[in-house]
Amino acid sequence: MTIARHLATIDRLCSQDFPVEHGGSFGSPGGPGFHLVELERSAGSGEGDDGEREEQIEAWREGLAQRLADRWGERGHMSLDGVFLRAQQGDEHIPEPWASLGAHVRNVYVWQAHGRWVALGISRLGVDQEFSLLALVTEIDPP
């Protein structure tokens, strides 16, 4: 995939209606008030070369983030560590998609565009999993 394709995907999600039920679009998770897509996955065997694979996916995120900043202004940075902890404690309701995102993404770059939040983050669900560049488009304010 190219950055141009990733931008086109984000543009499409920014203009598309949100699903009324969980299931999403483009075969990716989504739900009421949000779209969530995997834009890129690190290449590799899943064994041994973690640093290189993580650098590869971070380079994709940085390139895409720069193009989005050119469009929408400087990006914000949001740590999701606190969101994850608050969700785990159960004392506070963390709305979706932020609760699920916080479970496997440490931080995101965020913008407000077209009346929606756009976030980019890197996910890794387990030690044997690849790194994934995720894009979230939502009308739900971050917690």
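Here are the numbers:
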item: Ala65 being of a type in the set (Gly, Ala, Ser) and within 20 Å of Val37 (Cβ to Cβ); result: yes
item: Residues (outside any helix (DSSP H, G or I) and β-branched (Val, Ile, Thr)) located in segment 60-97; result: Ile94
item: Within segment 31-63, considering residues that are open to solvent by 60 Å² or more (accessible area, probe 1.4 Å) and polar (S, T, N, Q), the one modelled with the lowest pLDDT; result: Ser45
item: Members of segment 108-143 that are polar (S, T, N, Q) and surrounded by fewer than 16 Cβ atoms within 10 Å (Cβ to Cβ); result: Gln112, Gln129
item: Residue check, Val105 open to solvent by less than 60 Å² (accessible area, probe 1.4 Å) and in contact with a Pro (Cβ under 9 Å, 6 or more places away or on another chain); result: no
item: Filter result for the condition that a residue is at pLDDT below 95, among the hydrophobic types (A, V, I, L, M, F, W, C), under 22 Å from Pro19 (Cα atoms) and in contact with a strand residue (DSSP E or B) (Cβ under 9 Å, 6 or more places away or on another chain), over Leu120, Leu101; result: Leu101
item: First in segment 83-105 and touching a residue at least 60 places away in the same chain (Cβ under 8 Å), second anywhere and buried (at least 20 other Cβ atoms within 10 Å of the Cβ) and in a loop (DSSP other than H, G, I, E, B), Cβ under 6 Å, 6 or more apart; result: Val83/Ile94
item: Test: residue in segment 123-132 that is at pLDDT 90 or above and within 14 Å of His6 (Cα to Cα); result: yes
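The values are calculated or read from the model by the stated rules, or taken from the named source; none is laboratory data. Predicted model, so just to flag it, every value in this text is computed and none were measured. No Cβ is skipped: glycine too gets one built from the backbone with ideal geometry, and neighbour counts run over all protein chains shown. Just the protein is used for accessible areas: all its heavy atoms, side chains included, with ligands, DNA and RNA removed. Shrake-Rupley method; radii C 1.70, N 1.55, O 1.52, S 1.80 Å.
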